[in-house]
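First comes the structure, then the notes that go with it.
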Amino acid sequence: NVNNVNNVNNVNNVNNVNNVKKMLLLTLFSILVSIVYAQSGATNKGVILISGASNLDITFAEGTPLILGAKGGYFFADNIVGGLGMNFEKVGDFTDSNYKLFGRYYFKEKFFAGAGLRFFKGVNKDGDEVTKNVFELEGGYMFFLNDFITIEPTFILPLGEDQKPRINAGFSLYF
């Protein structure tokens, strides 16, 4: 009788493991399907973009800056967005808040390339006010979590003095 109970328990354990495997496969399949079909409509004309980002201490230069940013935009045409962004940056003793006018073009519903003009105004370590404008190029990829939420790693190449390339990680909403 003890052997029969053990055999029943072993069969139940095997069935439970198989059920868990089936559920995991079904969950993974559902996630993949939702990712594949989630992209449609996010970059259509009339959609509003709201985004937050940080560089997460990833940079290609010494003196890693802390950058926190937010931006909003409007899709004036399918796959074309324009908007305004704002960043807070701290590099060593230099702190500033800056604004950016930006434009992006989205292609293949997953990739984007853009450009922007950033307006810096801050105070350096000596207490002197610093003002400058920097043109930036950017490119990135959209990881869709659902129909309107993405994670967007972005490579940014500033074309100004004392500016270093960086990678930002963004979180965006599309309405």
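The values are calculated or read from the model by the stated rules, or taken from the named source; none is laboratory data. This structure is a prediction, so every number in the text was calculated from the model and none was measured. Heads up, the Cβs are rebuilt from the backbone with ideal geometry, glycines too, and the neighbour counts pull from every protein chain shown. Ligands, DNA and RNA are stripped out before the accessible areas are found, and what is left, the full protein with its side chains, is counted by its heavy atoms. Shrake-Rupley method; radii C 1.70, N 1.55, O 1.52, S 1.80 Å.
Data table
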item: Whole-percent carbon and sulfur share, accessible surface of the range 90-147, 1.4 Å; result: 58
item: Segment D78-D147, length gained on full extension (0.36 nm per residue, minus Cα span); result: 23.2 nm
item: Cross-link reach list, lysines versus K164, counting only Cα pairs under 16 Å and skipping chain neighbours closer than eight places; result: K90, K132
item: Additional length obtainable on full extension of the chain from K121 to F171, 0.36 nm per residue less Cα span; result: 15.5 nm
item: Ranked order, E152, E129, E161 - accessible area, probe 1.4 Å, largest first; result: E161, E129, E152
item: Spatially proximal lysines relative to K45 (Cα-Cα < 27 Å; intrachain offsets below 8 disregarded); result: K71, K100, K108, K110
item: For D162, solvent-accessible area (1.4 Å; no DNA, RNA or ligand), Å²; result: 130
item: Largest-first ordering by accessible area, 1.4 Å probe, given options M86, M142; result: M86, M142
item: Distance in nm between pseudo-label sites at I50 and K164 (7 Å out along the Cβ direction from Cα); result: 3.3
